[in-house]
Amino acid sequence: MRLGIISALAEEQQGVLEALQSPARRVHGMREYTTGTLWEIDAVCVLSRIGKVAAAMTATILVEKFGVTHIVFTGVAGSGDKDVHIGDIVVADSLVQHDIDASPLFPRFEVPLTGLTRFATDLALTERLAAAAARTTRVHRGLIASGDQFIGRRQQLVALKTALPDLLAVEMEGAAVAQVCVELGIPFAVIRTISDNANDDAAVDFLHFIETVASRYAYQVLENFCKA
């Protein structure tokens, strides 16, 4: 296994980078990729940057340029369900691009020419990641939705929840990475720590959470994952 580790924010990946043995950095496509050994696993770490296009490009480079065979994507998200609370972790079973709508040519949420609305994660990788996360905090499994907008108003979330009743979390990159991995045949898993309630206080909650919790959770989960 050569594991690609994508993180959404620098704070989440700092501890992981410090844990890498024999790190080597290489800049490609305006991104810094760091290779090394992470708890005896050959790994490549990189930030996704923000938004679906940026994340898709990052994942593609990991596969095509750095030869990763598996991808794990860590990050934060807003809650998409009343039972999913700040500090909980959501491990994706599938991901959907909530802002794609090519109707009436294709059904809403379907990615044209793929026949898919939801991109399923790799079961074995997801089970391993969920077990690692369960040693850190409360874990949920299910649907994560991605779109090129920060969901920070209650009416936005209500509309999404109406369209996707089983939605657990909302963020801006995961489903794009999922599409790349499915099309390239790369096993992948996505984990999101809930940083806010995707409501009118989301921006304040988000910034505070990143500073105090997200980096510690990401490090702990990845350590548990790699040592499993």
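Bear in mind these aren't lab numbers, they're just calculated from the coordinates by the rules spelled out. Predicted, not measured: the structure shown is a model, and the values here were computed from it. Glycine also receives a Cβ, built like all others from the backbone with ideal geometry; neighbour counts cover every protein chain displayed.
Structural remarks
- Taking the longest Cα principal axis of the chain as reference, the axis of helix 123-134 is set at about 90 degrees.
- Near the amide H of Val190, within less than 5 Å, lie the amide hydrogens of Phe73, Ala92, all on another chain or at least 5 residues away, with H placed in the peptide plane.
- Trypsin sites (Lys or Arg not before Pro) restricted to segment 54-155 and DSSP loop, no more than 10 other C-beta within 10 Å: Lys82
- Rel. contact order, % - alpha carbon contacts under 8 angstrom, at least six apart, the chain: 28 percent
- Per-q log10 I(q)/I(0), segment 51-94, q = 0.16, 0.23, 0.30 Å⁻¹ (Debye; single scatterer per alpha-carbon; no solvent): -0.60, -0.89, -1.12
- Principal axes of segment 1-108: Cα extent on each, largest first, Å: 50, 34, 24
- Our helix-only sum for the chain, with -39,500 (n - 2.57) per DSSP H run of n ≥ 4 divided by its residues, gives a mean residue ellipticity at 222 nm of -10000 deg cm²/dmol.
- Calculated from backbone phi, Karplus (6.51, -1.76, 1.60) coupling profile of segment 140-154 in Hz, x at Gly/Pro: 10, 10, x, 8, 10, 10, 10, x, 7, 7, 7, 7, x, 10, 4
- For Glu12, Glu223, Glu171, Glu18, the sequence from fewest to most other C-beta atoms within 10 Å is Glu18, Glu223, Glu12, Glu171.
- Dimensionless Rg over Rh [segment 87-184; C-alpha; Kirkwood]: 0.98
- Counting neighbouring Cβ atoms within 10 Å and putting the fewest first, the residues Cys45, Cys226 line up as Cys226, Cys45.
- Spin-label model distance (nm) - Arg138 vs Asp83, 7 Å beyond Cα toward Cβ: 1.0 nm
- Taking amide H as placed 1.01 Å from N in the peptide plane, the amide H of Val68 sits under 5 Å from that of Val63, each at least 5 places away or on another chain.
- Taking amide H positions as modeled 1.01 Å from N, with prolines and chain starts lacking one, the residues under 5 Å from Arg138 and 5 or more places away or on another chain are Ile89.
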